[in-house]
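Down below is the structure, laid out as structure tokens.
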Amino acid sequence: MTALADMDLGAARVFAVNLDGKAMAALLRAEVKQQIGRLAVGGATPGLAVALVGDDPASQVYVKGKVKACEEVGIASTLRKLPDTTTQDELLGLVDAWNADPAVDGILVQLPLPKGIDQRAVIDRIAPTKDVDGFHPHNLGLLASGRPGLVACTPAGVMRMLSVYGKAYGWTPAGKRAVVIGRSITVGRPMSLLLTNADATVTVCHSRTPDLAGRIGEADLVVAAAGVPQLVKGAWIKVGAVVIDVGIHRMADGGLCGDVEFDAARLRAAAISPVPGGVGPMTIAQLMRNCALAASARRGIAID
Ligand code: NAP
């Protein structure tokens, strides 16, 4: 970690604003609860069907959090736990059954899937109107063409965080130089499209990008989603930048860290999201919002 005395602190910045994802997610869940109340008036209870294949410990924790959030906001969740011997055809059959079930508004197949199951084939089988993860090529295509659709929960949650921060501090992504680290279809790629649609000038970095430090040093906004612990050094951050850390990693001492060197970065950034308690809770709250949106669209009941 860079020693404090070695850092160029620029214009006497103190600590960055803490982008408290836990608090922002609680507000978002409260908003979704109201929307679900409007669906109830229209006679509908939104349903989320979740498939968990195998016994990946991290996936089990994520799914538990999602089911709990459903209970809190009033979404009826169905969890199907399947052994890691499940075949691709069996999983596709389950997706087909949920596609045809009128009580199911959202379908979520928890990733990663065990070896031997083609992840893409499963994602492609989910009806785009029920694709609350926003990974289906139809929904990614809508996002790429700047049209409304279901958007991946993590990047949508990041946009909500930026909007809350922007309203409080008079900040906007429009006209800013943004760097997104990562180009996965689950995080980096939709993130870069959302920021492009919000009028930022976006650079997408990945494992083949030379001079990552140089690219980050130019950025007014950094979204780190590389999946590499503390890849982004605090000293690389431009003074006054907004930093969103999507990464989440278990350290040897049992604690969690992100893709950004948090302690050093917050001395330079204007705002930064912590790990834990940053993007993670926003992702789950956004999933609830996507379920409400999917139910509203499919059942023809306005919620906003
Ligand atoms: P992923 O599919 O592994 O993608 C990682 C991306 O980062 C790839 O595009 C990769 O480049 C790029 N990358 C890897 N090493 C790099 C390096 N040294 N320099 C620059 N780019 C590099 O991961 P993901 O699913 O997008 O997730 C990323 C991180 O976010 C993970 O830590 C994951 O656990 C976390 N995550 C958190 C949440 C949440 O709710 N908080 C949700 C989803 C994911 P290539 O394309 O060239 O391989």
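The values are calculated or read from the model by the stated rules, or taken from the named source; none is laboratory data. In this text the structure is predicted, and so the values were computed from the model without any measurement. Backbone-built Cβ (ideal geometry, glycine too); neighbour counts: all protein chains shown. SASA here: full protein model, heavy atoms, side chains in, ligands and nucleic acids out. Shrake-Rupley method; radii C 1.70, N 1.55, O 1.52, S 1.80 Å.
A cut-off under 12 angstrom between Cβ atoms defines the neighbours of Val260, and their net charge, with Lys, Arg +1 and Asp, Glu -1, is -1.
Taking all protein chains into account, the per residue accessible area for the range 152-280 stands at 39 Å² (1.4 Å probe). Once the Cα atoms are used to define both axes, helix 153-169 deviates from the longest principal axis of the chain by about 50 degrees. Once the chain from Arg147 to Val14 is taken as fully extended at 0.36 nm per residue, the excess over their C-alpha distance is 43.9 nm.
The GNM of the chain, with springs linking C-alpha atoms under 10 angstrom apart, assigns the highest mean-square fluctuation among Gln286, Gln88, Gln230 to Gln88. Spin-label pair Ile185-Tyr169: with each label point 7 Å from Cα along the Cα-Cβ axis, the two points sit 3.4 nm from one another. For the range 152-280, relative contact order (Cα pairs under 8 Å, six or more residues apart, normalised by length) works out to 21 percent. Note on His249 and Asp118: the extension gain reaches 44.6 nm, defined as 0.36 nm multiplied by sequence separation minus the Cα-Cα distance. Against the longest alpha carbon principal axis of the chain, how many degrees, from 0 to 90 and to the nearest 10, is the axis of helix 279-299 turned? For helix 279-299, the angle is close to 40 degrees. Gaussian network model of the chain, Cα springs within a sub-10 Å range: biggest mean-square fluctuation belongs to which of Ala198, Ala168, Ala271? Of Ala198, Ala168, Ala271, the Gaussian network model singles out Ala168 as fluctuating most. Note on the chain: with a GNM built from Cα contacts shorter than 10 Å, the maximum mean-square fluctuation among Trp171, Trp98, Trp236 falls on Trp171. Look at where the Cα atoms of the range 54-89 and of the range 149-181 average out, and the two centres are 28 Å apart. Within the shell defined by Cβ-Cβ distances under 15 Å, the residues around Thr87 carry a net charge of -2, with Lys and Arg each +1 and Asp and Glu each -1. Could you work out what % of the accessible surface of the chain is carbon and sulfur, using a 1.4 angstrom probe and leaving DNA, RNA and ligands out of the count? Taking all protein chains in place, the chain shows 55 percent carbon and sulfur surface. The Cβ shell under 12 Å around Gly247 holds other residues with a net charge of -2, Lys and Arg each +1, Asp and Glu each -1. For Lys68, the lysines whose Cα comes closer than 21 Å to its Cα, not counting residues fewer than 8 places off in the same chain, are Lys22, Lys33, Lys81, Lys130. For the Cα atoms of the chain, what angle does the longest principal axis make with the long axis of helix 188-197, in degrees from 0 to 90, nearest 10? It is inclined by approximately 80 degrees.
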